[in-house]
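This report refers to the structure that appears directly beneath it.
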């Protein structure tokens, strides 16, 4: 089969013919129909963690070809089932194959059923970013989720997360929540999930966000419904947030960028006992901060795969609780996507696997938000914002 394979010494990836994967008894074999790009994909090709020969890429959607002997009939998975999920690609030292290939294998309970009303191209970019948002809001910050999961296990793994326990999260009548990177894919799903949590509790939410002014009209409309927006280009945007809360600060913040000084500035918008979740780690050097009132809550989306991850110079321990959360989330997602959870816009890119590095990686830069420079004139190479790049296979 053809796959996009890492060439670590050259800091690139290229299409190669490799042996097709063989599913274990607990896995399904998938014919990949579409893939989506995330900033981490070019980041760890241009700054490789994995070794040459590893299939890259995370997000995919496709059709089940076969199921392992231990896959339960109650899963509803069979030949022809439409599913989506994500793999780790080249985003760790661990030698696990990614999704940018004609065939892939994945644990049967870490995929979600794609409704007939959702195309493979629309579905392929959902799995990683939506789980990232759900982990930050529901698993780590402890907002009410629309499904059950192993809270006891989460608390045993992370004793400091006391607000995850039943009855331990005391929410005010009006919850002030701030999202930095509101127009990112993670931010677009996070805003919707905050609204879902509010509906579950009957609480009122005032949603604050930072994004380019060009995105404000969209973000103020439902299903996002931002009450107040600031332009992250303005140096004094944290002061605007504090003024909007009468200098009290927000109760929760989610930094969907977590680069450079963003964590420190986002933390400055919080109340004295506020909580901030981040998507990238201090240990990995993604951001720097001086004295903070508390350490932001970090977790890698890879925890949802249930395996130990050697990542950015440190080890993310295996988390059975995070995997249990991911399984529960994907069961819910298959019913919610396209209805109670609106899809993020996509940009269909031409050329399939052969154009991922040449076009898609160029659009995304080296993985940081400040490294996206484009001088190409093709319509599909216009600057990227509030879209997922997808390729059909």
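State all residues of the range 45-62 that are within 22 Å of residue 351 (Cα to Cα) and crowded, with 21+ Cβ neighbours inside 10 Å; if no residue qualifies, say none.
Passing the criteria: 45, 54, 55, 56, 57, 58, 59, 60, 61, 62.
Does residue 286 meet the test of being at pLDDT below 95 and closer than 24 Å to residue 182 by Cβ? Spell out how you get there, then give the answer.
Numbers: at pLDDT below 95: yes; closer than 24 Å to residue 182 by Cβ: yes.
So residue 286 fits the description; yes.
When you look at residue 92, is it at pLDDT 95 or above and outside the structural domain of residue 258 (by TED's automatic domain parsing), yes or no?
Working: at pLDDT 95 or above: no; outside the structural domain of residue 258 (by TED's automatic domain parsing): yes.
No, not satisfied.
Name every residue in the range 268-278 that is in a loop (DSSP other than H, G, I, E, B) and either surrounded by fewer than 22 Cβ atoms within 10 Å (Cβ to Cβ) or modelled with pLDDT under 95 (or both), in order of residue number.
Across the range 268-278, the qualifying residue is only 268.
Can you give me the ranges of the helices (runs of 4 or more DSSP H) entirely in the range 131-234 with at least 3 residues that are within 21 Å of residue 320 (Cβ to Cβ) and in contact (Cβ under 8 Å) with a residue 24 or more places away in the chain?
Working: elements: 151-157, 185-201, 216-220.
Those helices (runs of 4 or more DSSP H) span 151-157.
Search the range 295-305 for residues being out of contact with any strand residue (DSSP E or B) (no Cβ under 7 Å at 6 or more places or on another chain) and touching a residue at least 24 places away in the same chain (Cβ under 8 Å), and hand back the single one that is surrounded by the most Cβ atoms within 10 Å (Cβ to Cβ).
Of the range 295-305, the ones out of contact with any strand residue (DSSP E or B) (no Cβ under 7 Å at 6 or more places or on another chain) are 295, 299, 301, 304-305.
Add one more test, that the residue is touching a residue at least 24 places away in the same chain (Cβ under 8 Å), and what stays is 299, 301, 304-305.
Working: 299: 20, 301: 28, 304: 26, 305: 23.
Ranking the qualifying residues of the range 295-305, first place goes to 301.
Which ones in the range 32-44 are farther than 27 Å from residue 82 by Cβ and either in contact with a helix residue (DSSP H, G or I) (Cβ under 7 Å, 6 or more places away or on another chain) or at pLDDT 95 or above (or both)?
Here is the first cut: in the range 32-44, the ones farther than 27 Å from residue 82 by Cβ are 42-44.
Of everything in the range 32-44, just one residue is farther than 27 Å from residue 82 by Cβ and either in contact with a helix residue (DSSP H, G or I) (Cβ under 7 Å, 6 or more places away or on another chain) or at pLDDT 95 or above (or both), namely 42.
I'd like the residue in the range 349-393 that is buried (at least 18 other Cβ atoms within 10 Å of the Cβ) and at pLDDT below 90 and, out of all such residues, is nearest to residue 185 (Cα to Cα).
Applying the filter and picking the extreme gives 386.
Can you go through 243, 218 and tell me which one is more than 18 Å from the chain's Cα centre (by Cα) and either surrounded by 15 or more Cβ atoms within 10 Å (Cβ to Cβ) or not assigned by TED's automatic domain parsing to the domain that holds residue 144 (or both)? Let's see the steps before the verdict.
Details: 243 fails: either surrounded by 15 or more Cβ atoms within 10 Å (Cβ to Cβ) or not assigned by TED's automatic domain parsing to the domain that holds residue 144 (or both).
After ruling out the rest, the residue left standing is 218.
The values are calculated or read from the model by the stated rules, or taken from the named source; none is laboratory data. Source: prediction; values computed, not measured. Note: ideal-geometry Cβ built from the backbone for every residue, glycine included; neighbour counts use all protein chains shown.
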